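A.B. asks: Got a structure for you, questions after.
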Amino acid sequence: MHFSKRVENLKPYPFARTAEKLAALKARGVDVIRMDIGSPDMPPAEHILAAAENAVRDPGTHGYPAFGYGTPSLLAAVADYYKARFEVALDPKREITALLGSKEGIFHLTQALIQEGDVALVPDPGYPVYRVAAEWAGADVHPLPLRREKEFLPDLDSIPQEVLRRARIMWINYPNNPTGAVAGRDFYERALDLARRNNFLLCHDAAYSDVAYDGYRPKSILELDGARGCAVEFNSVSKTYNMAGWRLGFVSGNADAVSAIRKVKSNIDSGIFPAVTAAGEAALRGDQAWIAARNAVYAKRRDRILAGLAGIGIRADTPKASLYIWAPVPDGFTAESFADSLLEQTGVCISPGTFFGREGEGYVRISIATPDERVREALQKIRRWKPS
Ligand SMILES: Cc1ncc(COP(=O)(O)O)c(C=O)c1O
């Protein structure tokens, strides 16, 4: 079998490698506790499940969906969500497209925008798909280091002019995966200014915009004046409504970018299962109060895990948002050797920071999307971990 160069150069997705490691451990009878992935462990609210159930029973639900990039009613529900949540008015006909999860949209929007000779500005550490999508398109990736001394924001002033000249796309993501950092209006303003001056598309990945704690409310970049002239924002029901497996996301903002991704997608996929559309609409339009209660559960876990880590000498910052604790590894360990040691000794699986880029060295990412009783068990096991 001959494979394309693209596929030969493609590394396996980091979490696929973990899955193989875990299968071997499980075969040895190890009770593995997964604190490595950001897949919400709690179900969506009842009204969302009911909407999906009703739709599944409707005989008209099972054919190809009539609208590839979201029904008018779903797109209107996204627009209403943006109005209610961020006071941003979007035109659902031109400025919003539904996606089969934001991961798919991140990949395909990149294909629509860049090619060989272009540069993608990509945070490091960062969600791996930004980089993979750019490499697949044949473009060069210029990493933007996220470091603690800069509050895990990229240093926009340090990007060389020559790189900016070739840049067609820049990714930012707040609340951030994997660092748990957040960004304010001032940072968004500076990023938009850079995009305007250098004529590239600023892509804000806001997958965690409704997973926030202690009264903190993440902003939308589209709240800023003129943002839609040069920016889009990705959002998704995955983390906001505990619907990661349903595969429904959105990209909103710049109308030209929205039109380009529609063109790509109409050639590749055939839209969203209508029962998922019905559930998504119910989520976006329904009562939002349960989200605060869900976030309170996460916040309690977050604090419990931070205390458990402190017990073995690891002091991590308290994230204001996202599903992750970004913790420095103990002295004498690399990101990978610490994650491996913890897994081998305790069965607790966390992600080495290097899964997210070179700058992730020295850190591990711990997910708080793990059921309370499993977190309790994990913390008991972690207490017995020895740096041997
Ligand atoms: C930063 C970030 N963006 C996008 C995604 C993908 O989300 P979706 O389920 O909408 O594809 C994830 C998933 O973990 C993520 O962490």
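The values are calculated or read from the model by the stated rules, or taken from the named source; none is laboratory data. Predicted model only: the values in this text are computed from it and were never measured. Every residue, glycine among them, receives a Cβ derived from its backbone with ideal geometry; neighbour counts consider all protein chains shown. The protein model used for the area step is the full one, side chains on, heavy atoms only, and it has no ligands, DNA or RNA in it. Shrake-Rupley method; radii C 1.70, N 1.55, O 1.52, S 1.80 Å.
A.B. asks: Restricting to Cα atoms and excluding each atom paired with itself, what does the Kirkwood estimate give for the chain in Å?
C.D. replies: Computed over the chain, the radius equals 21.7 Å.
A.B. asks: Counting other Cβ atoms within 10 Å, which trypsin sites (Lys or Arg not before Pro) in region 120-194 have at most 14 and lie in a DSSP loop?
C.D. replies: Passing both the DSSP loop test and the Cβ count: Arg147.
A.B. asks: List the residues, sorted by chain then number, that are 5 or more residues from Asn173 or on another chain and whose placed amide H is less than 5 Å from its amide H.
C.D. replies: Amide H neighbours of Asn173, under 5 Å, 5+ apart: Asp205.
A.B. asks: In whole percent, and with a 1.4 Å probe on the protein chains, what portion of the accessible area of region 3-145 is carbon and sulfur?
C.D. replies: 56
A.B. asks: Taking only DSSP H segments of four or more residues, each worth -39500 (n - 2.57), what value at 222 nm results for the chain once the sum is divided by all its residues, to the nearest 500 deg cm²/dmol?
C.D. replies: It lands at -13000 deg cm²/dmol.
A.B. asks: Follow-up question, since we're still on this one. How much net charge surrounds Lys11 when only other residues with a Cβ under 14 Å from its Cβ are counted (Lys, Arg +1; Asp, Glu -1)?
C.D. replies: +2
A.B. asks: Quick check: at a probe of 1.4 Å, how many percent of the accessible area of region 330-388 sits on carbon and sulfur atoms?
C.D. replies: The computed percentage sits at 47.
A.B. asks: Another question, then. If you keep only loop residues by DSSP, which trypsin sites (Lys or Arg not before Pro) in region 262-320 have at most 15 other Cβ atoms within 10 Å of their Cβ?
C.D. replies: Hits after loop and neighbour filter: Arg315.
A.B. asks: Something else: First compute the accessible area of region 225-297 with a 1.4 Å probe, then give the percent of it belonging to carbon and sulfur atoms.
C.D. replies: 55
A.B. asks: Applying 1/(1 + (r/R0)^6) with R0 = 25 Å to the Cβ-Cβ distance of Leu10 and Asn267, what FRET efficiency is obtained, to the nearest 0.05?
C.D. replies: It comes to 0.75.
A.B. asks: If you average 1/r over every pair of different alpha-carbon atoms in region 47-125 and take one over that average, what Kirkwood value in Å do you get?
C.D. replies: This gives a value of 15.6 Å.
A.B. asks: I've got another one for you. Return the long-range amide H neighbours of Leu100 (sequence gap of 5 or more, or a different chain), with a cut-off of under 5 Å between placed amide H atoms.
C.D. replies: Excluding prolines and chain starts, which carry no amide H, the hits are Gly105, Gly249.
A.B. asks: Please state, rounded to one decimal and in Å, the Kirkwood hydrodynamic radius that region 198-264 gives when every pair of distinct Cα atoms enters the mean of 1/r.
C.D. replies: Over region 198-264, the inverse of the mean reciprocal pair distance is 13.0 Å.
A.B. asks: So with the 1.4 Å probe, I'd like the accessible area per residue for the chain, rounded to whole Å².
C.D. replies: With the other protein chains kept in place, the chain gives 45 Å² per residue.
A.B. asks: Using amide H atoms built in the peptide plane, which far-off residues or other-chain residues are under 5 Å from Phe152 H to H?
C.D. replies: When sequence neighbours closer than 5 places are left aside, the close amide H contacts are Arg147.
A.B. asks: OK, next. What chymotrypsin sites (Phe, Trp or Tyr not before Pro) does region 332-388 have in DSSP loop regions with at most 16 other beta carbons within 10 Å?
C.D. replies: In loop regions of region 332-388 (DSSP not H, G, I, E or B), there are no sparsely surrounded chymotrypsin sites (Phe, Trp or Tyr not before Pro).
A.B. asks: Per residue of region 366-381, what does 6.51 cos²θ - 1.76 cosθ + 1.60 with θ = phi - 60° give for ³J(HN,Hα)? Whole Hz please, x for Gly and Pro, Karplus curve as stated.
C.D. replies: With the stated coefficients, region 366-381 comes to 10, 8, 9, 8, 10, x, 3, 5, 6, 4, 4, 4, 4, 5, 4, 5 Hz.
A.B. asks: Please work out the Cα center distance from region 1-47 to region 102-160, rounded to the nearest Å.
C.D. replies: Taking the Cα centre of region 102-160 as reference, the centre of region 1-47 is 23 Å away.
A.B. asks: Separate question: Say R0 is 35 Å: what FRET efficiency, to the nearest 0.05, do Glu189 and Glu373 get from their beta-carbon distance?
C.D. replies: 0.20
A.B. asks: If the cut-off is 17 Å between C-alpha atoms, which lysines fall inside it for Lys219, apart from same-chain ones fewer than 8 positions away?
C.D. replies: Lys83, Lys239, Lys320
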